[in-house]
Amino acid sequence: MDIISFPVLISKEGKWFVACCPMLDIATQGRTEEEVKENMADLIEEYMQDHDTEKPDWESILSTSVTMTSIPVNIRDVYRGTKASPSITT
């Protein structure tokens, strides 16, 4: 069995955890972080085994790098005065 790790982004949206795999352009959800990880692993395995789904070539998979970064964006006064107002620096 060949094993490869795919980068997956997990976020919490309301009561759900949402996971996406940008390299394969797929996403799933779960009620817990553990459940969404299991769902994504199952989805990736199904995706890779589906003969009708076009896959990225092997060189692309091996050479793709993923960088997690934050991009500062001016949101003006959108959240000022809200209950969970973030600290805003100007």
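Every number in this text was worked out from the coordinates using simple rules, so none of it is lab data. Everything numeric here is computed off the predicted structure, so don't read it as measured data. Cβ coordinates were reconstructed from backbone atoms using ideal geometry, including for glycine residues, and neighbour counts include every protein chain displayed.
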Gyration tensor over alpha-carbon atoms, region 9-57, equivalent ellipsoid semi-axes in Å: 22, 11, 7
On Cα atoms only, tilt of 33-49 relative to the major axis of the chain in degrees: 40
Given charges at Cβ of Lys, Arg, Asp, Glu: the chain dipole, positive-most of Ile4, Val36, Ser60: Val36
Mean separation of Cα contacts under 8 Å, 6 or more apart, over the residue count of region 17-57: relative contact order %: 31
Pairs of Lys in the chain closer than 25 Å at Cα, counting only those 8 or more apart or on different chains: 5
Listed residues Val18, Val36, Val78, most fluctuating in the chain (Gaussian network, C-alpha, under 10 Å): Val78
Rounded to whole Hz, the Karplus (6.51, -1.76, 1.60) HN-Hα couplings of region 12-27, x for glycine and proline: 9, 10, x, 8, 10, 9, 10, 10, 10, 10, x, 4, 9, 6, 10, 8
Relative contact order of the chain, pairs being alpha-carbon contacts under 8 Å that are 6 or more residues apart, as %: 15
Length gained when the stretch Met48-Thr67 is fully extended (0.36 nm per residue, less Cα-Cα span): 4.5 nm
For region 73-78, 3J(HN,Hα) per residue [Karplus equation, 6.51 cos²θ - 1.76 cosθ + 1.60, θ = phi - 60°, Hz, x = Gly/Pro]: 9, 6, 9, 6, 9, 4
Burial ranking of peptide ranges 22-28, 69-75, 53-59 (average Cβ count within 10 Å, highest at the top): 22-28, 53-59, 69-75
Kirkwood Rh in Å, taken over the chain so that all alpha-carbon pairs contribute: 16.0
